[in-house]
Amino acid sequence: MITTITDPEDPRLDPFRRIRDRDLRADGGRFVVESPRVVTRFLAAVREDRARVDAVLLAPDQRLVDHREIPAPVFLADLELITAVSGYHFHGGAIAIGIRPRREPTLVDLATRIPASGPVALIALAGVTSMDNIGGIFRIAAALGGSGIVLDGDASDPMLRRTIRISMGQVFRVPWARVGTLGEAIPTLASTANIETIAIENLDEATPLHRAAFPERVMLVIGNEGHGIPPAVLARCSSRIRIEGPSDLPSEEGPGGEDERSLNAATAAAIALHAALRRLD
């Protein structure tokens, strides 16, 4: 049912008044989705039973889907009212409140959404805490055809508002799983899904990317920009690949170096995933 609201004090707008991430997590486990394209992708996941929605707030011109397909209240209000109620300006006339699942997806859940045989290319994130990087990597995986994402216990929450927006809603499309440590997940994936793990790390002994060979079923580990991949995780990886910069560039300024021109996690993930997928074609 769609209801038009003109009074900013209408209590039916209360779910949209406190939409800071920390407030929503404490308030029954909610998350916020914003902008027409991202809300559309979220509602598609709701229709496919991959996400749950609590309420939707739209500007009158944002008829994103048939309201009869949305299992939650849908409210219409003008842009000024939406901005006043929500407290920020970057919603584009579309905000949805999602309901968090009781638990994050596990490796078992991920296994049901990736091919049991044939090519697989996963990205694993070791201690990647940047919301921007997490969102960017989900978008990259969707754009290039990655099979899914594995997050360790230190990686940032994919259901944060900024991460969802930066991913362009791909957090609702790309399969993902949360694990305690990648050191435990790597042998599990090897034994249950025949997936070989490669570390993307700029070490002297690592194979240059242009010479690297990728297995048919692979997981690429990307580490924290400041600390890299933990030694215990590196030890579990079958091989290591480095992304090289120009030969005349000082090492501290190249990929993996301390200078600001070094690659961030999302860029490294994009380069490595593209190389892996092209070699699997």
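When Ala111, Ala55, Ala94, Ala77 are checked against the criterion of being assigned by TED's automatic domain parsing to the domain that holds Val179 and surrounded by 15 or more Cβ atoms within 10 Å (Cβ to Cβ), a single residue qualifies: Ala111.
So, Thr181, is that one under 17 Å from Gly98 (Cα atoms), of a type outside the set (Lys, Arg) and in contact (Cβ under 8 Å) with a residue 24 or more places away in the chain or not?
Values: under 17 Å from Gly98 (Cα atoms): no; of a type outside the set (Lys, Arg): yes; in contact (Cβ under 8 Å) with a residue 24 or more places away in the chain: yes.
Judged against the criteria, Thr181 is not a match.
If the condition is being crowded, with 20+ Cβ neighbours inside 10 Å and outside any helix (DSSP H, G or I), then region 131-167 contributes Gly146, Ser147, Gly148, Ile149, Val150, Leu151, Asp152, Ala155, Pro158, Met159, Leu160, Ser167. The single condition from (1) farther than 20 Å from Val174 by Cα; (2) basic (Lys, Arg); (3) in contact (Cβ under 8 Å) with a residue 12 or more places away in the chain that Arg100 fails is (1).
Just wondering, is there one or more residues in region 206-218 that are within 22 Å of Ser130 (Cβ to Cβ) and under 24 Å from the mean Cα position of the chain (by Cα)? Show your work before the answer.
Going through region 206-218, the residues within 22 Å of Ser130 (Cβ to Cβ) turn out to be none.
No.
Determine whether region 226-240 contains at least one residue that is aliphatic (A, V, I, L, M) and either modelled with pLDDT under 80 or not assigned by TED's automatic domain parsing to the domain that holds Ile123 (or both). Spell out how you get there, then give the answer.
Pass one, region 226-240, residues aliphatic (A, V, I, L, M): 229, 232-235.
Filter once more, so that each one left must be either modelled with pLDDT under 80 or not assigned by TED's automatic domain parsing to the domain that holds Ile123 (or both): none.
Taking every residue of region 226-240 in turn, none turns out to be aliphatic (A, V, I, L, M) and either modelled with pLDDT under 80 or not assigned by TED's automatic domain parsing to the domain that holds Ile123 (or both).
Quick grid of which residues meet (1) free of Cβ contacts under 8 Å to residues at least 24 places away in the same chain; (2) part of a loop (DSSP other than H, G, I, E, B); (3) touching a helix residue (DSSP H, G or I) at 6+ places or on another chain (Cβ under 9 Å):
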position: Val38; (1), (2), (3): no, no, yes
position: Arg41; (1), (2), (3): no, no, yes
position: Ala45; (1), (2), (3): no, no, yes
position: Asp49; (1), (2), (3): yes, yes, no
position: Val85; (1), (2), (3): no, no, yes
position: Gly92; (1), (2), (3): no, yes, yes
position: Ala116; (1), (2), (3): no, yes, yes
position: Thr129; (1), (2), (3): no, yes, no
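How many of the residues in region 123-139 are closer than 14 Å to Val171 by Cα and not charged (D, E, K, R)? Give the steps one after another, and end with the answer.
Taking region 123-139 first, the residues closer than 14 Å to Val171 by Cα are 123, 131-139.
Filter once more, so that each one left must be not charged (D, E, K, R): 123, 131, 133-138.
The number of residues fulfilling the criteria is 8.
For region 142-197, the tally of residues that are under 15 Å from the mean Cα position of the chain (by Cα), aliphatic (A, V, I, L, M) and either in the same structural domain as Ser35 (by TED's automatic domain parsing) or more than 23 Å from Arg47 (Cα to Cα) (or both) stands at 5.
Glu201: among the charged types (D, E, K, R) and buried (at least 19 other Cβ atoms within 10 Å of the Cβ), yes or no? Give the steps one after another, and end with the answer.
On the way: among the charged types (D, E, K, R): yes; buried (at least 19 other Cβ atoms within 10 Å of the Cβ): yes.
Taking the combined requirement at face value, the residue satisfies it.
The values are calculated or read from the model by the stated rules, or taken from the named source; none is laboratory data. These numbers were taken from a predicted model, which means no experiment stands behind them. Quick reminder, even Gly has a Cβ in these numbers, built from the backbone with ideal geometry, and neighbours come from all protein chains shown.
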